[in-house]
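A.B. asks: I am attaching a structure below and will ask some questions about it afterwards.
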Amino acid sequence: MPPKSGFSRTRNIDYDDDDDYYDEAEYDEQEAGEGTTEDDKEQMRVGTIRVREALGEFEAGVSDAQIHEALWHYYYDIGKSVTYLKNKLGGAQTPRETPKKEKVMSKFDQAASIAVQNAPPSTGKYNDAHNSKVAESACPMTLSLPPNTMPTYDADDFFWDVPWGNVPAHRLGTIVVDHSRGRRGLLGGSKLAALAAKRRKEREEAQAAAPHPTGDADAAVAMLDKLSMASASMPNARNEAPKPRYPVRRRSPSPQHDAPFPETTEEPKAPQPAIVVERPAERAVASTFASTLCGSNLTSPSTVEVFPVPYIHCQGYSNTNAFDSPSPDDIVRAAQSKGTTTKKKKAVSHGDKLADSVGSLVIEESHVKSKNLNVIDEFEKSSPKRIANFVVVGHVDHGKSTLMGRLLYDLKVIDQRSIDKLRKEAETIGKSSFALAWVMDETSEERSRGVTVDVATNYFETERTQFTILDAPGHKDFIPNMISGSSQADFPVLVIDASTNSFEAGLKGQTKEHILIARSMGMQHIIVAVNKMDTVSWSQSRFDEISKRMTAFLTEASFLEKRITFIPLAGLTGENVVKRVDKSAADWYTGDTLLEALERVDLPQRSLQKPLRFSVADVFRGDIRSPLSIAGRIDSGTLQVGDIILALPANETATIKAIEVQDQPVDWAVAGQIPTLHLTDMDPVHLRQGDMICPPSSPVKLVKAFSSKLLAFEHVLPCPVEVFRSTLNSPGGIRSLSAKLNKFTGEVVKRRPRIVKPGEVARVVVVLEKELPIEEGMRVVVRERGRTIGAGLMENVA
């Protein structure tokens, strides 16, 4: 086995027993191991010879194994090995005694020795030991100890050669300490001591002359008295006068003296009755805190203030009425309970001044002040442009977002640099034709999927009108988002793909459903944009076919034919969007462009005089200054900065901090606009999409069941449904079918029908899962299992 390294052999060593760590048998095994090299053996042989030479007289008692052990342990260090062997084996044999040299005393030690010899003898334990040590130092001799025994010393031995203890007697001084108080003991010094001794002697004589008690009990009592007297008469360890056992007296405290009592040699007089002197108890100086709590009468009249408190004589300081006034916390709580802040009063004391200062630190939350504007007059004075909001609807992939991107690009709302950047990004993923669509589709999900998911908003202006674009998704999975966008619009722009089979597929898909939802939202004018005409070479027959079929369907959906506008265009190339088409193949069309058609739309009348009704479409955090912001459409009424509004169904109030319309700050907003409101004094948990904002003086009623005049898109039966009101989406159900109505006159045709067929109008009772803000005249859409089965108006509360 190869020899262990020094680290492995000492890693777990027990330092209390390191002498026994190695034994000869273990070393023999290691030495005989196969891992010992020739160099190690040679170093061991040479080291053994050198160690024996260095040991000298100790060589006889040391074996080769012990030398090998020491050399191996100290890595062949001869000096350390010899020291180790001498320390370990020093007691094994007695070395030959060598005469020690006489210790030469220094002049200092000689002077100390002479002083000890001339000093008078003393009997103290310390002096005896000290003199003996000095004598030993004066006459040194060899001190022999048992082998392997360390000499021990006590404190006196350790300091035997300290010279400051050998001071001659004639040079010692007496240190007298003047006591600030009289010594504790008998009053009167030796005079009273003699008087006490005389009284004790008289008492003993009187007891000796008294008749001895008879009986065992009397003998025991007499023995106890003698023992008590004996113990009382014994002097104590401090050599004080004996203290009598009987009678017990109350001693008064000793008076304070500036000088010790003088000695007297007068003879003791006759015993006098003990006089108890009562002195008022001495008190420490009361602290400022104690004086403040309990008053200034705690201080003793004899107390002298060496260091007076610097502020105790200041004006307004009073320590007697510190708790007469209410605390600062009480003042703040009282002010908060009253809803007002504390006004400053003239300070009467230091405590009142502190209370007023704390009360003045109450922080009032700054409220937004209203300018109290007459918003309707301000709106009329501003000579505003028309406000028009339109929603872009149609089947998926019919080019809605691309058409709106081209419209904004041709109107210079989007610059060429932005379009080039979007086109470059689209080419990197192989969708170069989607560059214009990405003007509206800004989220990464919409760009990666190639479809619109949420309602995108953008703005542009003409000479007469301020337009707001609401780009709705065309996929059937996002119909609720389309309903939310349609509820904020004044009229729809229906986009139809003129390509072969695309129009037919859309008519069977979301084109029909979008038209019915838009009409159910109260929209009366519609623009039909026949898109991608360049793919059919601007074929007039294709355009006439689409127009004919869509006119029949739109009139069936209650749109008037005079309010339907058809426009052929190409959204990707921009032909007939803002500029007229200049191709000879389109000479047959002489109508308006899309922009001109938007300008000609008749807008509905704004309900400015009615109470405020604001549908919340989005709740978000604006910035660090506006932690709560909402966006939506004002259905009726007006609002301005500083107005207090009521949010339903949470029934919580808030204050309008700021208003933005088309990303511009304004002081007011009116019906028909889609502003962003920055609110304060409300927790965001009380607001969500679909809530209704109204004034606290004219709130919307919360209803759980209502009657509605419903136009059926599919077969309608009593069943669970989803109810949509503007941006609100709530589960509910159709409880009953009350009557079937005439589609044009509204008269009752049949009471309590069992089913309502598509295209028929019926009065139904709708029940909601929980109370929601809905009032008469609001439009609702009913969907069941992902299909829109009907839409209509709320009539009254059921």
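No value in this document is a laboratory result; all are computed from the given coordinates. If you're wondering where the values come from, they're calculated on a predicted model, not measured in any experiment. Backbone-built Cβ (ideal geometry, glycine too); neighbour counts: all protein chains shown.
A.B. asks: Please find the FRET efficiency linking residue 663 to residue 701, where r is the Cβ-Cβ separation and R0 is fixed at 41 Å, and quote it to the nearest 0.05.
C.D. replies: About 0.75, to the nearest 0.05.
A.B. asks: Over 29 Å between Cα atoms, which of 400/508; 476/701; 385/562 qualify?
C.D. replies: Beyond 29 Å between Cα atoms: 476/701.
A.B. asks: Right, another one. Work out how much length residue 755 to residue 50 would gain on full extension: take 0.36 nm times their residue separation and subtract the Cα-Cα distance, in nm to one decimal. Please list the in-between numbers first.
C.D. replies: On the way: separation 705, 0.36 × 705 = 253.80 nm, distance 12.29 nm.
This chain segment gains 241.5 nm when fully extended.
A.B. asks: Then there is this: Report the full-extension gain for the segment residue 463 to residue 776: residue separation times 0.36 nm, less the Cα-Cα distance, to one decimal in nm. Could the numbers behind the result be given before it?
C.D. replies: Values: separation 313, 0.36 × 313 = 112.68 nm, distance 3.68 nm.
Once the chain is fully extended between residue 463 and residue 776, it gains 109.0 nm.
A.B. asks: Hey, another quick one. Over the alpha-carbon set of region 613-694, divide Rg by the Kirkwood Rh and report the Rg/Rh ratio to two decimals.
C.D. replies: 0.90
A.B. asks: When averaged across all projection directions, what area in nm² does the alpha-carbon convex hull of region 463-592 cover?
C.D. replies: Orientation-averaged projected area of the Cα hull: 8.3 nm².
A.B. asks: Quote to one decimal, in nm, the extra length available between residue 453 and residue 588 on full extension: 0.36 nm per residue of separation minus the C-alpha distance between them.
C.D. replies: Additional length available on full extension: 44.9 nm.
A.B. asks: Roughly how big is region 678-725's charge dipole about its Cα centre, with Cβ charges of +1 (Lys, Arg) and -1 (Asp, Glu), in debye to the nearest 20?
C.D. replies: Working: 5 positive and 5 negative charges, 50 e Å.
It works out to roughly 240 debye.
A.B. asks: Right, another one. To the nearest 0.05, how large is the calculated FRET efficiency for residue 337 and residue 652 if R₀ is 22 Å and r is the Cβ-Cβ distance? Could the numbers behind the result be given before it?
C.D. replies: Details: r = 22 Å, r/R0 = 1.02.
So, using R0 = 22 Å, E works out to roughly 0.45.
A.B. asks: Using mean Cβ contacts within 10 Å as the protection proxy, how do 745-757, 464-476 order, highest first? Walk me through the intermediate numbers first.
C.D. replies: Working: 745-757: 12.3, 464-476: 20.4.
Result, highest mean Cβ count within 10 Å first: 464-476, 745-757.
A.B. asks: In addition: Give the distance, in whole Å, between the Cα centre of region 487-536 and the Cα centre of region 719-798.
C.D. replies: Region 487-536 and region 719-798 have Cα centres spaced 25 Å from each other.
A.B. asks: Quickly work out the residue 624-to-residue 547 label distance, labels modelled 7 Å from Cα along the C-beta direction, and quote it in nm with one decimal.
C.D. replies: 5.9
A.B. asks: Please report, in debye to the nearest 20, how large the charge dipole of region 702-797 is about its Cα centre when each Lys and Arg carries +1 at its beta carbon and each Asp and Glu carries -1 there. Please report the intermediate quantities before stating the final value.
C.D. replies: Working: 17 positive and 10 negative charges, 80 e Å.
For region 702-797, the charge dipole is close to 380 debye.
A.B. asks: Kindly rank 602-611, 577-586 from highest to lowest mean number of other beta carbons found within 10 Å of each residue.
C.D. replies: Descending mean neighbour count gives 577-586, 602-611.
A.B. asks: A follow-up question, please. Using a simple spin-label model with points 7 Å from Cα along the Cα→Cβ vector, what separation in nm is obtained for residue 432 and residue 599?
C.D. replies: 3.5
A.B. asks: Ordered by packing density, taken as the mean number of other Cβ atoms within 10 Å over each peptide's residues, highest first, how do 445-453, 774-782 rank? Mind showing how you got there, number by number?
C.D. replies: On the way: 445-453: 15.9, 774-782: 20.3.
In descending order of packing, they fall as 774-782, 445-453.
A.B. asks: Applying 1/(1 + (r/R0)^6) with R0 = 51 Å to the Cβ-Cβ distance of residue 372 and residue 330, what FRET efficiency is obtained, to the nearest 0.05?
C.D. replies: Once rounded, the FRET efficiency stands at 0.85.
A.B. asks: Taking 7 Å along the Cα-to-C-beta vector as the label spot, tell me the residue 413-residue 500 distance in nanometres, rounded to one decimal.
C.D. replies: 3.6
A.B. asks: Hey, another quick one. Considering every pair of different Cα atoms, what Kirkwood radius, in Å, is found for region 702-797?
C.D. replies: Details: mean 1/r = 0.0773 Å⁻¹.
Computed over Cα pairs of region 702-797, the Kirkwood hydrodynamic radius comes out at 12.9 Å.
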